[in-house]
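To keep things clear, I will list the structure first and then write my remarks on it.
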Amino acid sequence: MTVSNSSELKRQIERRRTFGIISHPDAGKTTLTEKLLLFGGAITMAGAVKSRKASRHATSDWMSIEQERGISVTSSVMKFEYRDYEINLLDTPGHKDFSEDTYRVLTAVDSAVMVIDSVKGVEEQTRRLMEVCRMRNTPIMTFVNKLDREGMSPLEVMSDIEETLQIECAPLTWPVGMGKGYKGTYDIYRKKLTLFRAGFESLREQDMVTEISDLSDPRLDELLGSQADDLRGDVELLEGAANPFDLDDYLKGSQTPVFFGSAVNNFGVKEMLDSFVEIAPCPGPRKTTTRTVSPDEEEFSGFVFKIQANMDLAHRDRLAFMRICSGKFQRGMKVKHHRIGKDITMSNPTIFMAQDRELVDEAWPGDIVGIHNHGTIKIGDTFTDKEPLQYTGIPSFAPEHFRRVRLDSPMKSKQLHKGLLQLSEEGAIQVFRPINDNIFILGAVGVLQFDVAVARLKAEYSVDASYDSTPYSVARWVRCDDLKKMAEFEKTQQNNLAKDSADQLVYLAANNWDLKYVENHWPEVQFLKTCEHS
Ligand code: G4P
């Protein structure tokens, strides 16, 4: 390991921010993304991201998803500059295209922004995504959205976040009123009041901001009327009762700084973005099976966290998304693909801009690079200059939906086998084979994955397949150090056990009740919600 003394490498690391947005559908992720891109100058027109989303969600069958493919790939990673920072925003697909990819993207980020709808509070998908963030203690910044509507009070929203998500909240801005009475936000630390004007969208701070040196300033009464005293009261209360912002706690993932605003009105977004670039972490060290790798090591390394298939149907082309973890990446460089023991040349690496993708000559830790391949790359694969490393923390997530595969073209069982193996290696679907039965059970985190699997089996492997229901709704990987106990467990529970495509043993249960019952009876056995790729 050589730590680079190249100041260019260090500078490039320090100016990079790689993050994802976690939210429940309709909380405002697309709208916020669009505003961030506008500030970054990456798009010039409001509605650019929105219309993309609309066309994406109007599609439900695979072939039309296919037609949209070029677009959805482009929006998988959005790179933009803001001030002197290079920002990589990784899309976490929601709505119908919620899938294991949504979870896995979060293994490739350095921090996340959580969007909460102030009317609805913390919702289900946010809770699930937060669990994934917790696995790596990912720092989370919170944007409480839709303050222009009557919703929960700011204190109620914060206590909902604290109770439901078990993370401490530290407000950095504070709203004045809400709904029709929404007047603006007060930046607690910078002591600036930003006045709200619905529908008025300006990218220039001076259009809306009034600096207030002291809350007793009479201008506050002129600007806010009777709500000036409400703000004074709130801030006094916060000074006594709220958690002060603590950078270390944020970076450890135990505290979330909270911002309030209205994404659709582009209000409160700039304050958050300014704080984000200043306090969100740049690429940091990452663990491998043998050691922790620092981003400023000279030797290049990166891992694959997502594979997009069918970029070009005629060539069975696949695009692997690689997160760079250390060193400088250069087009044309030769790297080691350790799992298959081969050297590969990075001849046509792609980088993703907000509305485009283009060939990239060089990239740095934190950047995401797309590599074309024909099915040789698996999720979790690590590439380096020389040292045989394997990054950890890119797991499979326990599926939440299950289907039994029915082969409608009986002569094609070999192709079915091959197709399913390939799809599982790409992370498109999980495949289980019950130890007692010669059938395939597919598992997914989002149900659209099933439609995609059937359509791809037909298009790429000429296999006609359909689905039957299964009695299962929960899966856990099982481990036990006591081999005798494990053998006993396997024998008595064989009707609920299956092997995944990497031959790992999985327990399939009808529901959480049944799982709990078995867990209680077998305290020596571990039931795991995630399983590492290796
Ligand atoms: P998502 O990506 O998280 O699913 O949410 P998205 O941004 O698409 O926003 C969902 C809906 O919430 C949209 O309305 C959007 O306009 C609205 N929205 C976003 N931010 C705010 C806000 O600050 N205040 C209010 N009042 N609404 C907001 P829609 O009716 O589904 O779409 P549209 O017809 O408005 O485009």
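Structure summary
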item	result
Percent of beta bridges antiparallel (DSSP, the chain, rounded to nearest 5)	75
Charge-dipole axis of the chain as Lys and Arg at +1 and Asp and Glu at -1 on Cβ define it, positive-most pick from Ser159, Ile368, Leu172	Ile368
Cα coordinate range in segment 309-454, projected on the principal axes (Å, largest first)	49, 32, 28
Farthest positive-ward along the chain dipole, Cα basis, beta-carbon charges - from Gln12, Val335, Trp522	Val335
Residues in segment 277-307 reached by a label modelled at Ser347 [backbone nitrogen below 17 Å; 7 Å Cα→Cβ]	none
Sparsely packed GluC sites (Glu not before Pro) within segment 444-534, loop by DSSP, other Cβ within 10 Å at most 15	Glu524
Student exercise, the chain dipole from Lys, Arg, Asp, Glu Cβ charges, in Debye to nearest 20	1940
Shape parameters for the chain, alpha-carbon atoms, Rg then Dmax in Å	24.7, 83
Burial order of peptide ranges 261-272, 131-142 (average beta-carbon count within 10 Å, highest first)	261-272, 131-142
Proximal lysine pairs, segment 395-532, alpha carbons under 14 Å, eight or more residues apart or interchain	4
Asp26-Thr164 FRET efficiency (beta carbon distance; Förster radius 25 Å; 0.05 resolution)	0.90
Relative contact order of segment 286-384, pairs being alpha-carbon contacts under 8 Å that are 6 or more residues apart, as %	33
Neighbour-count order for Asp91, Asp514, fewest beta carbons within 10 angstrom listed first	Asp514, Asp91
Long-range HN-HN contacts of Phe143 with modeled amide H, under 5 Å	Met114, Val115, Ile116, Phe259
FRET efficiency for Leu421 and Leu155, using Cβ-Cβ distance with R0 set to 45 Å, rounded to 0.05	0.30
Nearest-20 debye value, segment 395-532 charge dipole, Cβ charges on Lys, Arg, Asp, Glu	260
Förster radius 35 Å - calculated FRET efficiency between Val447 and Gln526, Cβ distance, rounded to 0.05	0.80
Per-residue Cβ neighbour rank within 10 angstrom, fewest leading, Arg406, Arg128	Arg406, Arg128
Where labels lie 7 Å past Cα in the beta-carbon direction, separation of Asp230 and Arg406 in nm	5.9
Selection from Tyr186, Pro218, Asn496 lying farthest towards where the dipole of the chain points positive, charges on Cβ	Asn496
Hydrodynamic radius (Kirkwood) for segment 414-534, which is based on Cα pairs only, to one decimal in Å	15.3
Ranked list, fewest to most other Cβ atoms within 10 Å of each Cβ, for Ser226, Ser347	Ser226, Ser347
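Read-outs throughout are calculated quantities, based only on the coordinates presented, and are distinct from any laboratory measurement. It should be emphasised that the depicted structure is a prediction, and the values quoted were computed from it without experimental measurement. Because the Cβ atoms are built from the backbone with ideal geometry, glycine has one as well, and the counts that use them run over all protein chains shown.
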